[in-house]
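A quick write-up on the structure given underneath.
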Amino acid sequence: MSTYEARLAALRAQLKTDRLDGFVVPICDEHMSEYVGEYAQRLGWLTGFGGSAGSAVVLSEEAAIFTDGRYTLQVREQVDGKHWEYVGVPETSISDWLRAHAPAGARIGYDPWVHTKGWVESATKALKAKGAELVAVSRNPIDAVWGDQPAKSNARLVVHEDRYAGQSSAEKRAQIAEWLAANKLDSTVVAALDSVAWLLNVRGADVSRTPVALSFVLAHADGTADLFVAPEKVSDEVRAHLGNAVRLRTPEEFVPELKAMAGKRIAVDPDRSVAAIFGALGDAGATIVEARDPTILPKAQKNPIEQAGHRAAQTRDGAALSNFLHWMHETAHQGGLTELSAAAKLQDFRAATGQLKDLSFDTISATGPNGAHCHYKVDESSNRAIEPNSIYLVDSGGQYLDGTTDVTRTIWVGPGEPTAEMKDRFTRVLKGHIALALAVFPEGTRGAQLDTVARASLWQAGLDYAHGTGHGVGSFLAVHEGPQRIAKFTGSQPGTDEPLLPGMILSNEPGYYKAGEYGIRIENLVLVEERTIAGAEGRYFGFENLTWAPIDKTLVDTSLLNRDELRWWDEYHARVLDIVGPQLEGDALAWVTEACAPLGRG
């Protein structure tokens with residue numbers, strides 16, 4: 001019996017002990033985080049799936065794993081189809097699957113600390129139609145059978161200085177207090193880890209690649225707050241930084257405090273707070289007002305200090321990436337490199353800046369067929385040699401005190417020439433990237449409305465990609481930050497109906513993926529800015545580019561580019577040379593100078 005087959009059997013035995021006929025397993029934690037600590041990687045432990053988004057349902061006789069289009073290939077390679085049915089979302093939801101597969105009268109368990117209230121309501125309704133019921137568990141049954149489950153991190157909080165944050169925690173709490181007072185609310189639950197970090201100007205190390213600390217906040221209308229965090233995580237420096245207006249409480253006091261809210265009006269974000277929080281407040285007799293976490297928009301709209309910090313971080317990061325691209329140009333075609341060794345070398349270049357705090361996510365270092373996995377994660381078992389005459393995709397980023405970066409470059413590894421198909425696909429992706437970079441749009445425009453701009457050239461050839469075009473990015477915080485998003489509107493994906501506002505940072509990352517052969521993606525970060533247009537009727541916005549590194553001209557078919565696209569290419573690369581060039585020297589500078597030469601129509 002394989003490791004994962006044994007784990008599935010152990011879970012089923014535990015469910016039988018718990019008098020449950022099934023259980024739902026998401027990748028999630030008590031804070032509805034996208035990226036979670038090792039202790040919360042329950043889906044990965046159970047199935048072997050290494051993606052960052054997915055869920056599973058285990059019944060007594062069958063099991064299913066649910067992933068979106070980013071992981072269509074990966075889930076089939078990592079999860080045994082003999083034991084698991086592969087289900088695509090959003091085409092089929094967990095509730096839909098339960099409605100079709102749960103036995104009549106079944107008791108299906110769920111952990112209320114890793115699901116939203118909305119999901120609980122949907123699943124309850126679906127099961128009721130089958131005469132089945134959804135049952136909250138007091139202890140996650142996976143935790144009962146996961147013998148070597150990692151403990152929660154005990155890493156200490158650190159102060160994020162105002163010179164990087166651009167605004168003091170007291171000022172931010174005052175803004176939240178004004179919002180609470182205006183809405184006749186007593187308090188709000190701040191459950192998202194990056195929201196806690198932003199509000200209190202603290203950072204942590206409890207989640208890989210994301211500088212946050214496991215904690216909750218109750219923010220009050222008088223400008224004070226309660227921070228629920230393990231005492232050993234708080235230094236004297238952090239305690240002094242927080243001041244008397246932020247009361248330090250233990251995590252064990254969080255639920256009792258919620259249950260002491262009788263008669264209070266409490267705002268809770270239904271998308272960012274788990275069902276257990278609603279349950280505790282409901283038991284207390286509090287009046288729950290469902291409202292979006294009031295830190296979300298101000299966190300997304302970067303202030304001038306944060307914007308300046310991002311520009312500085314991107315300038316530094318662009319030089320590191322350019323050094324890496326030069327190194328790849330000089331060495332990759334000779335053979336001997338692997339996905340892992342290339343990723344390590346890129347990290348070395350970033351570390352050489354002297355300011356790298358961490359990567360912003362595990363580097364997607366993918367050659368050949370591995371590049372066709374949108375969110376491929378290389379490890380020792382999947383590591384491929386980077387062979388001559390192949391496409392290599394590298395999606396990477398750094399965490400710096402002044403900003404978070406995320407950039408993708410796709411390069412041709414010679415010495416031969418790429419095929420006509422490769423150049424066609426790369427150029428169509430480039431055309432989409434340029435079209436979005438040049439977009440000008442009226443106030444109120446949503447990300448879903450801009451998504452088609454980036455896909456149009458691919459669509460004309462009957463091609464597409466199975467991921468969003470753009471996500472928000474934090475300031476020395478999460479590399480994926482809401483609420484804004486550029487993607488197809490499906491009705492189930494958050495952020496696509498969010499109006500884009502000045503100060504928001506997004507990625508611009510169209511792609512193309514040919515299963516079994518290669519992947520292509522070009523990604524820069526952009527900042528929403530207001531545009532002055534003579535005679536404009538109303539406010540109009542556009543994008544300021546933030547990312548500066550050469551794009552590989554070897555893969556470009558210039559005959560597919562129009563005059564405006566050629567002009568964009570030349571102007572972009574002139575800026576790359578102006579910004580990155582002064583940080584380089586010797587052969588690297590000479591190579592970047594050549595890489596940034598006008599494209600023309602060769």
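The values are calculated or read from the model by the stated rules, or taken from the named source; none is laboratory data. These figures come from a predicted structure and were not determined experimentally. No Cβ is skipped: glycine too gets one built from the backbone with ideal geometry, and neighbour counts run over all protein chains shown. Surface areas here come from the heavy atoms of the whole protein model, side chains and all, with no ligands, DNA or RNA. Shrake-Rupley method; radii C 1.70, N 1.55, O 1.52, S 1.80 Å.
Taking only C-alpha pairs under 8 Å that are 6+ residues apart, what is the relative contact order of segment 389-504 in percent? It would help to have the intermediate numbers written out before the result.
Numbers: 177 pairs, mean separation 28.5, N = 116.
For segment 389-504, the relative contact order is 25 percent.
Per-residue 3J(HN,Hα) values for segment 411-416, derived from phi via the Karplus relation 6.51 cos²θ - 1.76 cosθ + 1.60 with θ = phi - 60°, read 10, 9, 9, x, x, x Hz in sequence order (x marks Gly and Pro). Over segment 42-183, the Kirkwood radius and the radius of gyration, each from Cα atoms, give a ratio Rg/Rh of 1.10. Taking the 1.4 Å solvent-accessible surface of segment 320-458 as the whole, the part contributed by carbon and sulfur is 49%. Accessible surface of Asp111, taken over heavy atoms with a 1.4 Å probe and every protein chain present, rounds to 20 Å².
All alpha carbon pair distances within segment 530-602 were sorted into 10 Å bins beginning at 0; the resulting P(r) in whole percents reads 17, 38, 27, 14, 3, 0.
Counted over the chain, the DSSP beta bridges are approximately 75% antiparallel. A Cβ-based charge dipole, computed about the Cα centre of segment 370-429 with Lys and Arg at +1 and Asp and Glu at -1, lands at about 160 debye.
Which whole-number value in Å² is the accessible area per residue of the chain, probe 1.4 Å? Intermediate results must be reported in sequence, preceding the final value.
Values: 23710 Å² over 602 residues.
Result: 39 Å² per residue.
Pairs of alpha carbons in segment 307-422 separated by more than 18 Å make up 49% of all such pairs.
Looking at segment 19-95, what % of its DSSP beta bridges pair antiparallel, to the nearest 5?
Working: 9 of 13 bridges.
Percentage antiparallel, nearest 5: 70.
Quantify, in whole percent, the carbon and sulfur part of the accessible surface of segment 1-84 (1.4 Å probe; protein heavy atoms only). C and S fraction of accessible area: 45 percent. Max-minus-min Cα coordinates of segment 375-426 on each principal axis give 42, 29, 19 Å, with the largest extent listed first.
Ignoring ligands, DNA and RNA, please state the percent of accessible area on segment 550-602 from carbon and sulfur, probe 1.4 Å.
Working: 1370 of 2770 Å².
Percent of accessible area from carbon and sulfur atoms in segment 550-602: 50.
Just how many % of Cα pairs in segment 468-558 lie over 23 Å apart, if you round to the nearest whole percent? Please report the intermediate quantities before stating the final value.
On the way: 1547 of 4095 pairs.
Roughly 38 percent, once rounded to a whole number.
Within segment 510-602, the trypsin sites (Lys or Arg not before Pro) that combine a DSSP coil assignment with at most 15 other C-beta atoms in a 10 angstrom radius are Arg539, Arg601. Spin-label model, Thr250/Glu421: points 7 Å from Cα along the beta carbon direction are separated by 6.3 nm. Considering segment 397-544 at the alpha-carbon level, its Rg and Dmax are found to be 16.2, 53 Å.
Across q = 0.18, 0.21, 0.24, 0.29 Å⁻¹, segment 290-337 modelled as identical point scatterers on its alpha-carbon atoms has Debye log10 I(q)/I(0) values of -0.69, -0.78, -0.87, -0.98, in the order of the q list. For trypsin sites (Lys or Arg not before Pro), the sites in segment 56-132 that DSSP calls loop and that have at most 10 other Cβ atoms within 10 Å are Lys82.
Here the dipole of the chain is about 860 debye; that uses its Cα centre as origin and unit charges on the Cβ of Lys and Arg (positive) and Asp and Glu (negative). With N the number of residues in segment 358-450, Rg(Cα) / (2.2 N^0.38 Å) evaluates to 1.33.
Of the GluC sites (Glu not before Pro) in segment 212-257, not one is in a loop by DSSP (not H, G, I, E or B) with at most 12 other beta carbons within 10 Å.
What Kirkwood radius, in Å to one decimal, follows from the Cα pairs of the chain?
Details: mean 1/r = 0.0393 Å⁻¹.
About 25.4 Å, per the Kirkwood formula over Cα pairs.
Counting only Cα atoms, segment 126-248 measures 54, 40, 23 Å along its principal axes, largest extent leading. If you model segment 444-516 as an ellipsoid using its alpha carbon gyration tensor, with each semi-axis the square root of five times an eigenvalue, the axes come out at 22, 14, 11 Å, biggest first. Eigenvalues of the alpha-carbon gyration tensor of segment 1-109, scaled by 5 and square-rooted, set the equivalent ellipsoid semi-axes at 20, 16, 15 angstrom, largest first. In the chain, Cα pairs under 8 Å separated by at least six residues give a relative contact order of 11 percent. Helical content of the chain, expressed as a calculated mean residue ellipticity at 222 nm, amounts to -10500 deg cm²/dmol (DSSP H runs of 4 or more residues, -39,500 (n - 2.57) each, divided by residue number, nearest 500). When the P(r) of segment 218-270 is calculated, the portion above 16 Å amounts to 48% of the C-alpha pairs. If you plug the beta carbon distance of Arg239 and Ala9 into 1/(1 + (r/R0)^6) with R0 = 45 Å, you get a FRET efficiency near 0.40. Simple rule: put +1 on each Lys or Arg Cβ and -1 on each Asp or Glu Cβ in the chain, find the dipole, and look at Ala267, Phe543, Val207; the Cα lying farthest toward the positive end is Ala267. Kirkwood analysis of the Cα pair distances in segment 171-229 returns a hydrodynamic radius of 11.7 Å. Considering only beta bridges that DSSP places wholly inside segment 261-398, some 60 percent are antiparallel. The HN-Hα couplings worked out from phi for segment 454-459 by the Karplus form 6.51 cos²θ - 1.76 cosθ + 1.60 (θ = phi - 60°) are 6, 9, 4, 5, 5, 4 Hz, whole numbers, x standing for Gly and Pro.
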